[in-house]
1. Restricting to Cα pairs below 8 Å that are 6+ residues apart, what does the relative contact order work out to for the chain? Please round to a whole percent.
2. Using Cα positions and a limit of under 27 Å, work out the lysines in reach of K111, with same-chain residues fewer than 8 apart set aside.
3. Below 18 Å, Cα to Cα, which aspartates and glutamates can K9 reach? Residues fewer than 8 away in the same chain don't count.
4. Counting Lys +1, Arg +1, Asp -1, Glu -1, what net charge surrounds D135 among other residues with beta carbon under 10 Å of its beta carbon?
5. How much mean residue ellipticity at 222 nm does the chain get from its helices, if each DSSP H run of length 4 or more adds -39500 (n - 2.57) and you divide by all residues, to the nearest 500 deg cm²/dmol?
6. Apply the Karplus curve 6.51 cos²θ - 1.76 cosθ + 1.60, θ = phi - 60°, to the phi angles in segment 98-114 and return the couplings in whole Hz, x for Gly and Pro.
7. Find how much the distance from S212 to M172 grows on full extension, using 0.36 nm per residue of separation minus their present alpha carbon separation; answer in nm with one decimal.
8. Among G84, G15, G32, determine the one that fluctuates most according to a GNM of the chain built with springs between C-alpha atoms less than 10 Å apart.
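Derivation of every value follows stated rules applied to the coordinates shown; laboratory data play no part. Owing to the predicted nature of the structure, the values given are computational and were not obtained by experimental measurement. With ideal geometry, Cβ positions are generated from the backbone for all residues, glycine too; neighbour counts draw on all protein chains shown.
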Amino acid sequence: MQAGDMTGKAVLVTGAAAGLGRATAIRLARAGADVAIVDIDAANLAETAMAIEMEGVRVLNRPADLAARENCLAVVADAAAAFGRLDALCNVAGIMIPSHTTSMSAEAYEKTIAINLSAPFYLCQAAIPHLLETDGAIVNVTSCAAFRGQAYFAAYCATKAGLTHMTKALAMEYTHKPIRINAVAPGGMMTTLASNIRLLEDGDRSLLSRISPLRGLVEIDEVAEVVAFLATDAARAFHGACLNVDKGITAD
Ligand SMILES: NC(=O)c1ccc[n+]([C@@H]2O[C@H](COP(=O)([O-])OP(=O)(O)OC[C@H]3O[C@@H](n4cnc5c(N)ncnc54)[C@H](O)[C@@H]3O)[C@@H](O)[C@H]2O)c1
């Protein structure tokens, strides 16, 4: 499973300031793609932009808060305008706020839905017309949490299950078009998002440990390789799939 040649093609990667999004953006640049990168964290996004430039491709550094629909639509329009085309959309940005359900604020709940579920929908809405022109691809990053009930993550689990199923519905809607729409469901990776689990101070440890991987964490680059692969024509046989990259978490 290796990304195909993306020379002359253009991709948009969200959540590219850190973790999986940054690794995916750099991997696709290495495959030859011009890359539009989006994140709310402008400082770290600029570092990703520098790493992409070193690969000798063009980069559009586009900080944005994807919690707002108009920003989702604008970043797609800007990416397509900057490069004159769009060949892939990788929806990687996400947040995870651990909480006892009864104490989760409405703000935290709605932010989780907005970034993890609504933003990918609006980004897909805006990107699909461009991707239909290029026979392009969408890759939605969901989670092993889409398949396992994780205590203290009800909102997060709901968004990831929703995004996984949204991927399948979109794949069916575009069955008769060459566009490809897939998902990747990672297991635990050592990123800022995963370390947020520590924010929950009074959770039941036995329930929290249920989400610990039996075979250790997944390397960020291992997951980025799969996301990048699905974004390229090398994955022409994949449509409506969700690839679990989780070292067996979802095997039981
Ligand atoms: N780390 C894990 O263990 C794990 C496991 C399964 C799935 N995932 C998923 O992988 C994806 C990437 O997460 P990661 O682990 O690399 O975490 P990360 O925190 O390193 O990266 C997430 C990025 O999303 C950005 N982001 C957050 N809110 C945003 C907003 N409103 N607008 C724009 N960008 C915003 C952050 O600034 C950050 O750069 C997420 O969708 C996450 O749910 C992660």
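1. 22 percent
2. Partners found: K160, K168.
3. D34, E53, E55, D78, D87, E133, D135, E225, D233
4. 0
5. Estimated from H runs of four or more residues: -12500 deg cm²/dmol.
6. 3J(HN,Hα) across segment 98-114, in whole Hz: x, 6, 5, 4, 6, 10, 6, 6, 4, 5, 5, 4, 5, 5, 4, 5, 4.
7. In short, 11.0 nm is gained.
8. Judging by the Gaussian network model, the answer is G84.
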